[in-house]
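To keep things clear, I will list the structure first and then write my remarks on it.
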Amino acid sequence: MDNKLTIAPVAEWGFFTPPRPMIIAGPCSAETRQQVLETARGLSALGIHVFRAGIWKPRTHPGSFEGIGSEGLKWLQDVKRETGMFTATEVASAKHVYECIKYGIDLLWVGARTTANPFLMQEIADALQGTDIPVLVKNPVNPDLDLWIGALERLSRAGIRKLGVIHRGFSSPEKMRYRNDPGWRIAIELRTRYPELPFFADPSHMGGSRDVLLELSQRSLDLGLDGLMIESHCNPDAALSDAKQQLTPEGLHDMLGKIVVRDSDTDSLDYKEGIEDLRARIDIIDDSLLDLMKKRMDISSRIGLYKKEHNVAIIQTSRWDAILETMLEKGRKLGLSEEFIRTTFSAIHEESVRIQDNVIGGKKE
Ligand code: PEP
Ligand code: MN
C-alpha cells in the first residue's frame, strides 16, 4: 500500500504571486448575484486574486440557508469574467464536483464535515480522477490527524497533485474564546510531516467572530503557515450564514495591513549565528532530556519487578493522580501550559506502564 503524497509546487497552480501570505477571500455563501459581484469587486480592488464563495452549505439545522446551488456557479463565472479573479468553492459530493468542472471553477475545497467521512472523500476523489484541479482539504471536525491525511491520500491516489490543506480548528465540547479549538499541535504535526504541502489557515471558522481574526491570522503565519482563507462579505451583518465572522473588503484590508509577515528564513549572518547558538543549546537540553527519560524508565522497570515480587497490580490510579497534580501545580508556577504538562506526563506514564507490564509479563526490557 503506497500512500505517499505527490504534491505539486503551489506555483504550478498559477493563482498566487509572492509575497506571502497567499490570500483566498470571499463570502461564506453566495447569496445573490449582486452580493457576489459587489464583494468580488471590493476584494479585487485590494489585489486579492482568489475568490471563495460557498454554493452548497452544510448547515447544522435544516431550514437554515443551505446555499443557492448550481445557479451560484454562474455568478462565479461572472466574477472571473469581470474581475479576472480565480474562483473557489466547497464540494461535498460527486455531483458538486461535476457541476464545478462544468462551470470551470478553478479551485475546490473539501469542508470539515466531509473530510471526516471516508465514503464521501472516496466519492469526491473518484469524481476528480483525470482532472488537474487544485483541491484544499480542511481538517476534519474532530482532531484526528490520520483522518485528515487519509482524505489527502484518497485524492492523491486519484491523481490529484495540486493538493493543499486548510486548518480551521476542531469542534470542542468546551466553551472557549474561539468557535473552534485551534489545536495547533495537530497543524504543526501535519506541517512537519509534509513541509511541501501548501498550508492555509481559516481564522474565520476557527474564531467565529470578527474581533479575533487578527490574532488568529498572526498566529497562523507566525507558525509558518503559507496563506489565509478569510470570509468577506459586502454587508456582513446581513449575511445569510456566518454573519458574525465576516469582514467587509475594507475591513479585511485593514486587518491584513496589521499583520506582521515574518520571513520564513533569512540569509543574514547575524541571524544565522544567533539561531545556531540557540539551537545548539536546545540540542544539549534535548540530549539531557533523553538521558533523564532513560533513567526514569529504568526505575519504572525496577518498580515493575518489585511489584511482581510483592504481587501488586501495575496501576495505582491514586499515585498517578498525585503525580499529575504535583506536576500541574509546579508547571503552573513555571509558566508551562496545562495542556503541555498533561500531554507530556501522560506519554511518560503510558510508557512507564508499558514497561512495567512487560516486566510483570516476563518480557525483557
Ligand atoms: C466554509 O468554509 O464555509 C465552511 C463551511 O467551513 P468548514 O468546513 O470549515 O466548517
Ligand atoms: Mn462560513
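Listed values, structure above:
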quantity	calculated
Within segment 199-223, considering residues that are within 11 Å of the chain's Cα centre (by Cα) and more than 16 Å from ligand 2 (Cβ to nearest atom), the one surrounded by the fewest Cβ atoms within 10 Å (Cβ to Cβ)	PHE199
Matching residues, segment 243-258, being within 16 Å of ligand 1 (Cβ to nearest atom) and either surrounded by fewer than 20 Cβ atoms within 10 Å (Cβ to Cβ) or over 24 Å from the mean Cα position of the chain (by Cα) (or both)	ALA243, LYS244
Qualifying position, being closer than 23 Å to LYS295 by Cβ and outside any helix (DSSP H, G or I), among ILE355, ILE315, ILE348	ILE315
Any hit, segment 306-316, residues being under 34 Å from the mean Cα position of the chain (by Cα) and outside the structural domain of GLY183 (by TED's automatic domain parsing)	no
Output for segment 179-208, where each listed residue is within 15 Å of ligand 1 (Cβ to nearest atom), out of contact with any strand residue (DSSP E or B) (no Cβ under 7 Å at 6 or more places or on another chain) and not charged (D, E, K, R)	PRO182, ILE186, HIS205, MET206, GLY207, GLY208
Matching residues, segment 190-235, being small (Gly, Ala, Ser) and at pLDDT 95 or above	ALA201, SER204, GLY207, GLY208, SER209, SER217, SER220, GLY227, SER232
Single condition ASP226 does not satisfy, out of (1) within 16 Å of ligand 1 (Cβ to nearest atom); (2) under 15 Å from the mean Cα position of the chain (by Cα)	(1)
Subset of segment 135-151 (residues that are crowded, with 24+ Cβ neighbours inside 10 Å and β-branched (Val, Ile, Thr))	VAL135, VAL137
Matching helices (runs of 4 or more DSSP H) fully within segment 82-129 where at least 1 residues are surrounded by fewer than 24 Cβ atoms within 10 Å (Cβ to Cβ) and over 21 Å from the mean Cα position of the chain (by Cα)	94-102, 118-128
Filter result (in contact (Cβ under 8 Å) with a residue 24 or more places away in the chain and surrounded by fewer than 17 Cβ atoms within 10 Å (Cβ to Cβ)) within segment 161-180	ARG161, SER171, ARG177
Residues located in segment 23-39, provided they are more than 16 Å from ligand 1 (Cβ to nearest atom) and farther than 17 Å from SER70 by Cβ	GLN34, LEU37, GLU38
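So that you can scan it fast, the table gives a plain yes or no per residue for (1) closer than 17 Å to ALA25 by Cβ; (2) within 16 Å of ligand 2 (Cβ to nearest atom):
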{"position": "LEU240", "(1), (2)": "no, yes"}
{"position": "ALA243", "(1), (2)": "yes, yes"}
{"position": "PRO249", "(1), (2)": "yes, no"}
{"position": "LEU252", "(1), (2)": "yes, yes"}
{"position": "THR266", "(1), (2)": "no, no"}
{"position": "LEU269", "(1), (2)": "no, no"}
{"position": "GLU273", "(1), (2)": "no, no"}
{"position": "ILE284", "(1), (2)": "no, no"}
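The values are calculated or read from the model by the stated rules, or taken from the named source; none is laboratory data. Only a predicted model underlies this, so the values are computations on that prediction, with no experimental measurement involved. Virtual Cβ from ideal backbone geometry, glycine too; neighbours counted across all protein chains shown.
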